[in-house]
Amino acid sequence: MPHNQGLKSDEEFGGINLLRLRGSEWSRYSLSRRRGFVRAAYLYWRHSGFPYFQLSLDQIAAEFNRLTLQDDAAVFRKDGALGSVVGLSIANYFQPGMWSVKVSRYRCPMDVFEDDELLQAAIERAWTIWPDRRGANSSTLRRMLKTFPNTAAVSNFRPTLARAVISRYSCSGASVVDFSAGFGGRLVGCLTLDRNYIGIEPNPKQVAGLTDNIRAFKNLKPVSASAKILRGCAEEVLPRLPAASADLVFSSPPYFDWERYSNCSSQSFVRYPSYDAWLAGFLGPCIEHSGRILTRRGRLVLNVSGRSRWPSVEDVVELARRARFRLIEQIPMLLARVPYLHPRNLGPYKPEALLVFRKSGGA
């Protein structure tokens with residue numbers, strides 16, 4: 001698409017830098033002027049393309065170093081486990097496809113971006129509701145595209161929380177298996193520790209991103225961590241792993257068909273289209289084989305919604321019981337609410353659940 005002739009430069013309109021204009025400043029202009037800013041910002045982003053995360057090698061290295069300095073013990077509070085966003089941009093950077101994932105009946109962020117009217121409405125909304133934010137820059141636009149009305153986006157597991165969980169439930173040199181590797185949040189957290197990570201993922205695009213992520217970390221500096229990604233369906237890959245070869249199985253299984261990463265036949269909700277079939281064909285075997293590959297003192301840690309989305313805590317605990325696991329901890333995993341989307345909800349967090357199991361008879 002050619003440059004808009006109304007822009008003096010890519011980022012300017014009428015002498016104003018669009019990407020630096022805050023909502024409080026935008027609101028002081030006349031209606032026609034505000035509309036001009038919205039139109040100019042829309043044309044800028046239509047020309048520039050989707051505002052994916054953009055990180056240089058130096059920025060990745062700096063964020064990686066910040067993550068290695070996190071206080072793992074501080075993540076676990078009296079009211080639950082709370083991770084910061086440190087390291088999250090790295091995981092997201094390697095997974096651009098996450099912006100196109102469908103969540104239930106909602107639009108995805110890419111749907112909003114690709115619609116001319118919706119993109120302009122999103123930019124205007126960002127300048128309207130966030131007076132302190134630069135409403136048209138990449139960071140704010142990503143946030144708005146995720147939270148635009150009738151839109152939902154997948155989220156990545158926070159690497160700070162992943163690192164804290166891995167530190168708490170495994171020791172130096174341990175092998176960590178993640179049977180739903182997803183978008184790499186747990187991978188990034190594990191790569192900052194002296195651990196051996198094995199991730200299983202069926203989606204080829206996500207596998208490519210995870211592999212690029214591992215390659216980038218290897219180029220940063222010598223690290224004691226190792227990692228590999230096994231492409232395939234977890235219920236088929238786990239049986240091929242050696243018995244008693246893992247010290248920790250740590251994963252966040254799909255919420256059945258809530259998030260549809262793709263429609264290919266390898267996706268668990270496609271293979272098992274009913275919830276009961278999904279439990280019997282996917283999650284049950286994954287938990288059962290987790291017991292087989294874990295050492296006697298090993299731990300199984302699973303993140304589930306704990307709310308209205310499947311699988312329920314009760315179903316996961318029952319599947320684990322059948323696989324001879326015993327629940328030893330249930331930790332609230334604290335996720336921040338979006339205040340303008342949930343004005344009537346009390347409290348700053350919406351908790352999910354971290355379920356910690358050990359093998360019956362294990363120490």
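Does Glu201 satisfy being over 30 Å from Ala62 (Cβ atoms) and not small (Gly, Ala, Ser)? Don't jump to the end; show me each part of the working.
Working: over 30 Å from Ala62 (Cβ atoms): no; not small (Gly, Ala, Ser): yes.
No, not satisfied.
When the residues of the stretch 49-85 are filtered to those that are in a strand (DSSP E or B) and touching a Pro at 6+ places or on another chain (Cβ under 9 Å), which remaining residue is surrounded by the most Cβ atoms within 10 Å (Cβ to Cβ)? Write out each step before concluding.
Initially, the stretch 49-85 is screened for residues in a strand (DSSP E or B), giving 76-77, 80-81.
Retained after the next criterion (residues that are touching a Pro at 6+ places or on another chain (Cβ under 9 Å)): 80-81.
Numbers: Gly80: 17, Ala81: 21.
Only one residue fits best here, namely Ala81.
Name the pairs whose Cβ atoms lie under 7 Å apart, with the first residue in the stretch 77-100 and free of Cβ contacts under 8 Å to residues at least 24 places away in the same chain, the second surrounded by 17 or more Cβ atoms within 10 Å (Cβ to Cβ), and 6 or more positions between them or separate chains?
If the second residue must be surrounded by 17 or more Cβ atoms within 10 Å (Cβ to Cβ), the pairs left are Ser100/Cys108; Ser100/Met110.
For the stretch 57-76, name all the residues that are charged (D, E, K, R) and free of Cβ contacts under 8 Å to residues at least 40 places away in the same chain. Even if it seems obvious, please write down each step before you answer.
Here is the first cut: in the stretch 57-76, the residues charged (D, E, K, R) are 58, 63, 66, 71-72.
Matches in the stretch 57-76: Asp58, Glu63, Arg66, Asp71.
Is at least one residue of the stretch 265-280 under 26 Å from Thr160 (Cα atoms) and at pLDDT 90 or above?
Start the filter on the stretch 265-280 by keeping residues that are under 26 Å from Thr160 (Cα atoms), which leaves none.
Within the stretch 265-280, not a single residue is under 26 Å from Thr160 (Cα atoms) and at pLDDT 90 or above.
Give the number of residues within the stretch 107-118 that are exposed (fewer than 14 other Cβ atoms within 10 Å of the Cβ) and touching a residue at least 24 places away in the same chain (Cβ under 8 Å).
So the count comes out to 1.
The conditions are (1) among the hydroxyl-bearing types (Ser, Thr, Tyr); (2) assigned by TED's automatic domain parsing to the domain that holds Leu355; (3) touching a strand residue (DSSP E or B) at 6+ places or on another chain (Cβ under 8 Å), and Thr140 fails exactly one of them. Which is it?
(2)
Given the stretch 170-251, what helices (runs of 4 or more DSSP H) lie entirely inside it while holding 1 or more residues that are in the same structural domain as Ser268 (by TED's automatic domain parsing) and surrounded by fewer than 22 Cβ atoms within 10 Å (Cβ to Cβ)? Working first, answer last.
Working: elements: 185-191, 204-220, 234-237.
In the stretch 170-251, the matching helices (runs of 4 or more DSSP H) lie at 204-220, 234-237.
Can you tell me which of (1) farther than 15 Å from His289 by Cβ; (2) among the hydrophobic types (A, V, I, L, M, F, W, C); (3) over 18 Å from the mean Cα position of the chain (by Cα); (4) not in a helix (DSSP H, G or I) is the one Phe256 doesn't meet?
Looking at each condition in turn, Phe256 falls short on (3).
The values are calculated or read from the model by the stated rules, or taken from the named source; none is laboratory data. As the structure is a computational prediction, the values presented were derived from the model and not from experiment. All Cβ positions, even for glycine, are placed from backbone atoms using ideal geometry, and neighbour counts span all protein chains on display.
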